[in-house]
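Each reported figure results from applying straightforward, stated rules to the coordinates on display, with no laboratory input. Only a predicted model underlies this, so the values are computations on that prediction, with no experimental measurement involved. Reconstructed Cβ throughout: ideal geometry from the backbone, glycine too, with neighbour counts over all protein chains shown.
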Amino acid sequence: MTDLNALLQRHAAFWKHEDVDEPLICIRPPERMRFEHTTVTPTMIDVAALTQHVGHNDPGRRLVHGDLFHSECAFSRIPWMEALVGCEIRAGADEAMWARPVLGPNHEGIERVVPSDDNPWLVRLLVLTRALVEANDNIYLVSHTLQRGPIDLLSALLGDERMGLAFYDAPERVNEILGLAAETFVRVARAQYALIPAFHGGWVPWAYGLWAPGSVVRFQSDSASQISPSMYREHVLPHDRTIMQAFDYTIIDLHSAGTLHLLPVLLEEEDLNAISVTLDRYESAPGVAELMPTFARILEAKSLSIYGEVTTEELEALKRELPSRGLSLNVIVTNRLLWQRPVG
């Protein structure tokens with residue numbers, strides 16, 4: 001039987017970067033697929049189909065998995081933020097989804113970056129969120145859905161190549177779009193939170209199962225993989241900071257093979273509580289052993305959630321070699337990592 005109050009205290013300690021006896025750990029199962037090889041539209045979001053796995057008292061399901069909370073959100077395979085700002089959404093194999101750039105050569109369409117209340121994607125997102133709340137049988141917590149950050153929306157709206165050039169050719173327009181994207185992020189997160197009841201005075205962010213004693217969001221800046229830390233600090237951080245300052249607690253996700261170069265900037269950011277590192281498990285990506293010094297460096301200044309696939313040996317090394325203070329391990333344990341498994 002889980003001592004809920006003691007667990008909540010451990011979760012609060014994570015966000016406050018306080019000393020604890022052991023890290024928060026959850027070993028989770030793989031996901032299932034629903035959309036493939038199609039253009040995705042709001043009318044395709046079948047609320048009943050996407051909530052049929054919740055709302056049924058099942059002794060095998062429980063609120064706490066390991067040390068982390070079981071959470072549900074509006075179907076996060078959909079790139080909701082990109083759809084909300086006007087991009088067409090395509091689904092490929094294995095439900096990989098991407099946005100098609102939508103802004104014209106003179107940035108036509110910029111007026112749609114901040115969605116209206118009747119935006120069909122926003123309406124569908126909130127309908128699905130409300131359905132999850134109403135179906136809740138007290139064995140999960142509803143969270144906000146996956147929301148990509150301002151620079152990711154800039155990339156979606158312009159395309160990667162055009163975005164890279166725009167930082168030099170049209171910096172004022174870049175700043176305008178990033179500002180609108182940050183405004184949209186905050187607005188969409190708050191719209192979901194208006195529907196999600198608090199749990200013991202707090203909420204959980206997308207995917208991590210980490211309860212915070214107040215409002216909390218998870219965001220990312222994946223497309224910052226294309227820019228230097230100094231460019232991130234100058235152009236993007238002010239808009240990421242808008243998100244950080246809009247909620248009581250925030251966690252930014254970095255990729256182990258993509259955006260860890262932003263760490264020198266982010267570790268100095270007082271408004272940021274925690275960093276998540278998603279493990280990229282392909283052959284040329286750094287392994288867990290190589291990342292240990294980076295993890296230790298993060299834990300000196302911020303709380304850290306490690307998210308992704310690990311081997312049993314890697315999990316034991318993480319538990320053994322890293323301090324427990326501010327550490328969460330939300331992992332899938334496998335004997336063959338992604339790059340080691342056969343294709344097809």
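The figures follow:
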read-out: In order through the stretch 168-182: 3J(HN,Hα) via Karplus (6.51 cos²θ - 1.76 cosθ + 1.60), integer Hz, x for Gly, Pro; value: 9, 8, 9, x, 5, 5, 4, 4, 5, 5, 4, x, 5, 5, 5
read-out: Amide H within-cut-off set for M97, under 5 Å, with H built and near neighbours excluded; value: G92
read-out: Dipole moment magnitude, nearest 20 debye, the stretch 4-340 about Cα centre, only Lys, Arg, Asp, Glu C-beta charged; value: 580
read-out: J(HN,Hα) series, the stretch 137-148, from Karplus relation 6.51 cos²θ - 1.76 cosθ + 1.60, nearest Hz, glycine and proline x; value: 9, 6, 10, 7, 10, 7, 10, 5, 7, 5, 10, 7
read-out: Karplus 3J(HN,Hα) series, Hz, for the stretch 71-80 with 6.51 cos²θ - 1.76 cosθ + 1.60 (x for Gly, Pro); value: 10, 10, 9, 4, 2, 8, 5, 6, x, 4
read-out: Rounded to 5, the percent of DSSP beta bridges in the chain classed as antiparallel; value: 30
read-out: Shape category assigned to the stretch 81-237 from the gyration tensor of Cα positions, a/c cut at 1.5; value: prolate
read-out: Assigned charges on the beta-carbon of Lys, Arg, Asp, Glu; the stretch 114-158 dipole about Cα centre (debye); value: 100
read-out: Euclidean distance between Cα centres, the stretch 263-295 to the stretch 80-119, Å; value: 29
read-out: Residues whose placed amide H lies under 5 Å from that of Q220, excluding near-sequence neighbours; value: G149, D253
read-out: Amide H within-cut-off set for L304, under 5 Å, with H built and near neighbours excluded; value: I275, L327, S328
read-out: Cα gyration tensor shape for the stretch 207-344, rounded if a/c is under 1.5, else prolate or oblate; value: prolate
read-out: Cα centroid of the stretch 137-184 to Cα centroid of the stretch 221-253, whole Å; value: 10
read-out: Identified option (computed percent of Cα pairs over 39 Å apart; candidates (1) 27; (2) 10; (3) 16); value: (2)
read-out: Listed residues F199, F219, F185, most fluctuating in the chain (Gaussian network, C-alpha, under 10 Å); value: F199
